[in-house]
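Chemist: The structure that follows is given in the form of structure tokens.
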Amino acid sequence: MIIGPSYFIELPQVDHDTFNVGKVIALIQNMVMSILFLVQFYQRKNEGTSIAGQSFIIAFTKWIGTPLTVGLLAILTDPTGFMIVIVGLIFICDTWYMLAIYNELKSQGINPLKRL
């Protein structure tokens, strides 16, 4: 929070605006979370508890909430194309995670839409 603005403030995407720096940092953090959700799922799958504590509905709302709302705005306002890479990775990872959860629930005979 303290060093982020000074590091990112020179990027053309943020136009020397600390609020825009916050948006870039938030999307990068979101990308890391999306990757870590996948890592968590496959680590738990290797341990035999792949679906413990995970929900298709939550994965679905994250899939809608980030790349399809905030992500589109970031892409449309970015003159460099950098944000399309970040949002694209979020979209790919969230889609992968959502489908992995869905398929795992189906394989266990659980209705994905009824398990929160």
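Read the figures in this text as sums done on the coordinates, not as results from a lab. Model, not experiment: these values are computed from the prediction. Ideal geometry is used to build each Cβ from the backbone, glycine not excepted, and the neighbour counts take in all protein chains shown.
Chemist: Relative to a virtual label point 7 Å from the Cα of Ser107 in the Cα→beta-carbon direction, which members of the range 39-68 show backbone nitrogen distances below 20 Å?
Modeler: Answer for the range 39-68: 39-60.
Chemist: Using 1/(1 + (r/R0)^6) with R0 = 25 angstrom and r between the beta carbons of Thr80 and Gln40, what's the FRET efficiency to the nearest 0.05? Working shown, then result.
Modeler: Values: r = 32 Å, r/R0 = 1.26.
After rounding to 0.05, the efficiency reads 0.20.
Chemist: Highest first, please rank the peptides 102-113, 73-84 by the mean number of other Cβ atoms sitting within 10 Å of their residues. Before the final figure, lay out each step's value.
Modeler: Details: 102-113: 12.8, 73-84: 14.4.
The densest-packed peptide leads the list: 73-84, 102-113.
Chemist: Where does each of 44-53, 30-39 land if you order them by average Cβ count within 10 Å, highest first?
Modeler: Numbers: 44-53: 11.9, 30-39: 16.8.
Output ranking for 44-53, 30-39: 30-39, 44-53.
Chemist: What list of ³J(HN,Hα) values in whole Hz, one per residue of the range 35-52 in order, does the Karplus curve 6.51 cos²θ - 1.76 cosθ + 1.60 (θ = phi - 60°) give from phi, with Gly and Pro shown as x?
Modeler: Each residue of the range 35-52 in turn: 5, 5, 4, 5, 4, 4, 4, 6, 5, 5, 4, 5, 8, x, 10, 4, 9, 4 Hz.
Chemist: Note the full-extension length gain between Val70 and Thr95 as 0.36 nm times their separation in residues minus their Cα-Cα distance, in nm to one decimal.
Modeler: 7.4 nm
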